[in-house]
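The values are calculated or read from the model by the stated rules, or taken from the named source; none is laboratory data. Because the structure is predicted, anything quoted here is derived from the model rather than measured. FYI the Cβ positions are ideal-geometry reconstructions off the backbone, even for glycines, and counts take in every protein chain you see.
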Amino acid sequence: MVASSINEESSLAVNLTSDVEKASKTLFKAFEKSYANDYLMKKFFHIPITEKVSRARINAMIHYYTTCYHDLDGEIAEANDFDAVAIWSRPGCHLPATLSDDESFNKIFFHDLTVRKHEVMPLGMDYYYLYAIGKDPSHPEIRGSVRKILEKYKTKADKANCALALEAISEHARSVYEYFGFKTYLVFQFGVGEVNSKGEPDPQGKGFTAYLMLYHKDADTIFHA
């Protein structure tokens, strides 16, 4: 997931943080208008799509996942005093899947994506998984935060000869990641027949289009596209 602009400078430090409260507040703002993220939160917390969910409850879910990744040895990275925040799992330390009670959703978002990752990457290669990244939209004058985080993790992956993996849940997000060298290895839909593009219940709804994206410094030669 991503909520950010790519028009940024690149001279800031990236820090790992244990301050899940400040990190969560940045993500609350970053994903406030993400209908796809709201849909996913409902699925992960077993909430019916038709049930009204307040912004406060969505934020509580975001806070839960931020804390969960911190507690289970993930990495919460921030740049420029929490102007941007990213949540990662590390190679060899991935969190178990949070299955929903919707088997068709689980197949799309967990089984199919896992199979495709292993098809693309060489046998035995691990990766950093980007669960979420977002910039505080209330400070557009602050620039460079997201760029620095992504460049930092690209460097970490290059040194460890591992990959970076993520799901972009919008076309805008996809374009951001492409700018930083990620490539799309699977296009998939979720929420089809459940919601429209605004996350509203709709049995004829087209849901959301998302993209499995991977980065490796030698992707063109070692990945199996």
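When only residues in the stretch 67-92 that are more than 13 Å from the chain's Cα centre (by Cα) and among the polar types (S, T, N, Q) count, which is farthest from D158 (Cα to Cα)?
T67
Going by the conditions given, is E194 closer than 18 Å to N37 by Cβ and not hydrophobic (A, V, I, L, M, F, W, C)?
Details: closer than 18 Å to N37 by Cβ: yes; not hydrophobic (A, V, I, L, M, F, W, C): yes.
Yes.
When you look at Y185, is it buried (at least 21 other Cβ atoms within 10 Å of the Cβ) and not in a helix (DSSP H, G or I), yes or no? Steps first, answer last, please.
Details: buried (at least 21 other Cβ atoms within 10 Å of the Cβ): no; not in a helix (DSSP H, G or I): yes.
For Y185, the condition - buried (at least 21 other Cβ atoms within 10 Å of the Cβ) and not in a helix (DSSP H, G or I) - is not met.
For H172, state whether it is at pLDDT 95 or above and either out of contact with any Asp or Glu (no Cβ under 6 Å at 6 or more places or on another chain) or closer than 30 Å to D102 by Cα (or both). Can you show your working first?
Working: at pLDDT 95 or above: no; either out of contact with any Asp or Glu (no Cβ under 6 Å at 6 or more places or on another chain) or closer than 30 Å to D102 by Cα (or both): yes.
When the stated conditions are applied, H172 does not pass them.
Working only within the stretch 64-119, note down all residues that are in a loop (DSSP other than H, G, I, E, B), free of Cβ contacts under 8 Å to residues at least 60 places away in the same chain and either loosely packed, with under 14 Cβ neighbours inside 10 Å or not hydroxyl-bearing (S, T, Y) (or both). Give the derivation first.
Of all residues in the stretch 64-119, those in a loop (DSSP other than H, G, I, E, B) come to 72-74, 80-83, 91-92, 94-102.
Those still in the list that are free of Cβ contacts under 8 Å to residues at least 60 places away in the same chain too: 72-74, 81, 92, 94-102.
Those that are in a loop (DSSP other than H, G, I, E, B), free of Cβ contacts under 8 Å to residues at least 60 places away in the same chain and either loosely packed, with under 14 Cβ neighbours inside 10 Å or not hydroxyl-bearing (S, T, Y) (or both): L72, D73, G74, D81, G92, H94, L95, P96, A97, L99, D101, D102.
What residue, of K206, K156, K217, is within 24 Å of D73 (Cα to Cα), outside any strand (DSSP E or B) and among the charged types (D, E, K, R)? Can you show your working first?
Values: K206 fails: within 24 Å of D73 (Cα to Cα); K217 fails: within 24 Å of D73 (Cα to Cα).
Of K206, K156, K217, the one residue that is within 24 Å of D73 (Cα to Cα), outside any strand (DSSP E or B) and among the charged types (D, E, K, R) is K156.
Every residue, every condition in (1) touching a Pro at 6+ places or on another chain (Cβ under 8 Å); (2) touching a residue at least 24 places away in the same chain (Cβ under 8 Å); (3) within 15 Å of V195 (Cβ to Cβ), yes or no:
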| position | (1), (2), (3) |
| --- | --- |
| K22 | no, yes, no |
| K29 | yes, yes, no |
| Y39 | no, yes, yes |
| K42 | yes, no, yes |
| H46 | no, yes, no |
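For residues that are buried (at least 22 other Cβ atoms within 10 Å of the Cβ), out of contact with any helix residue (DSSP H, G or I) (no Cβ under 7 Å at 6 or more places or on another chain) and not aliphatic (A, V, I, L, M), scanning just the stretch 128-147, find the one that is farthest from F28 (Cα to Cα).
R147
Please go through (1) of a type outside the set (S, T, Y); (2) within 27 Å of K42 (Cβ to Cβ); (3) at pLDDT below 95 for H111 and return the number of the only condition it doesn't satisfy.
Condition not satisfied by H111: (3).
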